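This report refers to the structure that appears directly beneath it.
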Amino acid sequence: MHRPLVIVLSAWATTVSAQEPVDRAAIAQINAEGFNRSSRVSELFDHLTNVIGPRLTGSPAFRQAVDWSAERFRELRLANVHTEAWPFGRGWTLEKLTLEMAEPRYFPLIGYPEAWTPSTRAELLATPVYIGDWTAEQVRARKAELAGKIVLPWQPQGAFITEDRPQPTDHQERVRIGAPPNVGTTGPVARREMGALMREVGAAVVLQPNQGQHGTAFVLGNRNTRDDAAPSVILASEHYNLIVRMLQAKLPVKLRVDVQTRYHTADTSGYNVIGEIPGSDPRIGDEVVMVGAHLDSWHSATGATDNADAAASLIEAARILQALGLRPRRTIRFALWGGEEQGLLGARAYVGQHLAGDANAAAREKFSVYFNHDPGTGPIYGWYLEENQAVKPIFDAWLEPLTDIGVRRNVVDKIGSTDHLAFIAAGVPGFNSVQDYREYDVRTHHTNTDFYERLNLIDLQEAAVVLATFAYQAAMRDAPIPRGGPPRP
């Protein structure tokens, strides 16, 4: 059970590492502030998930989240609050979806269009065509049977994602880091070829299964989807399989499908939100400790675990430090990124502008560390250390006073596919939080079930306390964070 710490020790005491000072008094203050009635993390999380909702980069809702986040930073009296724009492309929103079986019995279907899919030309009421056993050559040869039709291009989904990735803090040995492999769809046509093939034959709409089960649908999308692509809808696999089996049984199936979407082209920029607590030390005050999380999400749910929990905890961490009036020696900079789901675009744009290349060599020298919060659910258990053995005694020392609120241990391994990689590529230290993976990979990550109910208040508070603690400790230590060491054998 998580509970606030009660610590009565001298301001600078030592812990796991005899050489690494730990400000236990400040940690106790951070902990008390993070778990008291002044906490706003629940309010922040509620607004991101329930008020704003899905935050697909480029959409009006994403821009609403950007403006709202910047205003929260201003309310906290952070310095230099601003947004930074970078090229993204057109946005997209879903305006309407009708998806149901009309014959031989009425049955509502669970499904979601892929992001950036175009609209159907009109509402369709027709018998679908199953082509899951056709080769690409057969599809082209029978084009007349598919033009203007509802097409089911894959064999019934028989493989599902059934296990979350191993929780690395449950193991002392090194474990595989990263999401379980995508089990994919099956059929004679390669998945990478199917979209172009459906456009070529003029399918009116394509219905597809996915790796989720129990009604879970994994729904993504491609911002480079062509205007003349066949609209694509991801179905709950049980419903997709039902339709295929009914067709194979020669039942007179008819589906009603209507997809209405809108592209947004007035503003084709993505945005990051930046604010900071200026450093107070005349010697190292312009050195930077950065904390970041991505603000964007996919569209079939409200992006609770990916990544509203982290965004809310980051804003709350800034509130905690400001409320306590702590004066970090280095500058603590907070960032909320856009475009993470499309390839770490916001973080890469920031790094490209501020840290990468010869022109930014001086800025790199003054950049101490980047802490990223994503992926996973709820609390922060520790940090992936990117095989940087030099930071382990430092991070272990900072983590030890937090064990009473649920932290576990730092993991020496690397983790991929999130924003800290942009910083590592520029040659500065970047680390990602270790979070909970229970029902994350199998149930919530990029799915239609990633809603408010997946999180609880205590876990969000705990994450905010850990973020504030690590940012403050990194900003206060005499030396910047080590830039690496020999990989662990």
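In region 446-457, the residue that is nearest to the chain's Cα centre (by Cα) out of those that are closer than 28 Å to I161 by Cβ and of a type outside the set (S, T, Y) is H446.
Against the definition (modelled with pLDDT under 95 and either in contact with a strand residue (DSSP E or B) (Cβ under 8 Å, 6 or more places away or on another chain) or of a type in the set (S, T, Y) (or both)), how does T377 come out, yes or no? In short, yes. Of the residues making up region 412-441, those that are of a type in the set (A, V, I, L, M), at pLDDT 95 or above, surrounded by 22 or more Cβ atoms within 10 Å (Cβ to Cβ) and over 26 Å from S39 (Cα atoms) number 2. Here the condition is being crowded, with 24+ Cβ neighbours inside 10 Å, farther than 23 Å from I481 by Cα and either modelled with pLDDT of 95 or more or of a type in the set (V, I, T) (or both); of G343, G338, G292, G325, it holds for G338 alone.
Taking region 194-301 as the region of interest, none of the strands (runs of 3 or more DSSP E) fully inside it holds 1 or more residues being farther than 30 Å from R90 by Cα and of a type in the set (G, A, S).
Looking only at residues of region 167-177 that are surrounded by 14 or more Cβ atoms within 10 Å (Cβ to Cβ) and in a loop (DSSP other than H, G, I, E, B), we find that the one that is farthest from the chain's Cα centre (by Cα) is V175.
If I ask for residues that are surrounded by fewer than 21 Cβ atoms within 10 Å (Cβ to Cβ) and either under 30 Å from E439 (Cα atoms) or touching a helix residue (DSSP H, G or I) at 6+ places or on another chain (Cβ under 9 Å) (or both), which ones from region 226-243 would you list? Selection gives R226, D228, A229, E238, H239, N241, L242.
For (1) in contact (Cβ under 8 Å) with a residue 24 or more places away in the chain; (2) touching a Pro at 6+ places or on another chain (Cβ under 7 Å); (3) among the small types (G, A, S), each residue gets a yes or a no:
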position: S280; (1), (2), (3): yes, yes, yes
position: R283; (1), (2), (3): no, no, no
position: L295; (1), (2), (3): yes, no, no
position: I332; (1), (2), (3): yes, no, no
position: E341; (1), (2), (3): yes, no, no
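In region 256-279 there is at least one residue matching the filter, namely being farther than 30 Å from L44 by Cα and either among the small types (G, A, S) or surrounded by 19 or more Cβ atoms within 10 Å (Cβ to Cβ) (or both). Scanning region 42-67 for residues that are of a type in the set (A, V, I, L, M, F, W, C) and over 22 Å from L94 (Cα atoms) yields L44, F45.
Being in contact (Cβ under 8 Å) with a residue 60 or more places away in the chain, more than 29 Å from the chain's Cα centre (by Cα) and surrounded by fewer than 19 Cβ atoms within 10 Å (Cβ to Cβ) is the filter here; which residues of region 109-131 pass it? Across region 109-131, the qualifying residues are R121, A122, E123, L125, A126, T127.
Of note, Q155 satisfies the criterion of being surrounded by fewer than 19 Cβ atoms within 10 Å (Cβ to Cβ), over 28 Å from V434 (Cα atoms) and polar (S, T, N, Q).
Scanning region 373-426 for residues that are out of contact with any Phe, Trp or Tyr (no Cβ under 9 Å at 6 or more places or on another chain) and either more than 21 Å from A464 (Cα to Cα) or free of Cβ contacts under 8 Å to residues at least 24 places away in the same chain (or both) yields a count of 10. Might you let me know whether region 448-457 holds any residue that is at pLDDT 95 or above and over 25 Å from S39 (Cβ atoms)? Within region 448-457, one or more residues are at pLDDT 95 or above and over 25 Å from S39 (Cβ atoms). Within region 250-304, the set of residues being among the small types (G, A, S) and farther than 25 Å from H373 by Cβ comprises just one member, A266. Among residues that are acidic (D, E), under 19 Å from Q157 (Cβ atoms) and modelled with pLDDT of 95 or more, E276 is not included.
Residues of region 108-132 that are in contact with a His (Cβ under 8 Å, 6 or more places away or on another chain) and either part of a strand (DSSP E or B) or under 30 Å from V351 (Cα atoms) (or both): G111, Y112, A115.
Among the residues of region 365-398, those identified as touching a Gly at 6+ places or on another chain (Cβ under 6 Å) and closer than 28 Å to L295 by Cα are Y370, N372, P379, N388.
The values are calculated or read from the model by the stated rules, or taken from the named source; none is laboratory data. This one's a predicted model, so the numbers in the text were calculated from it and none came from an experiment. Positions of Cβ are backbone-derived with ideal geometry, glycine not excepted, and every protein chain shown enters the neighbour counts.
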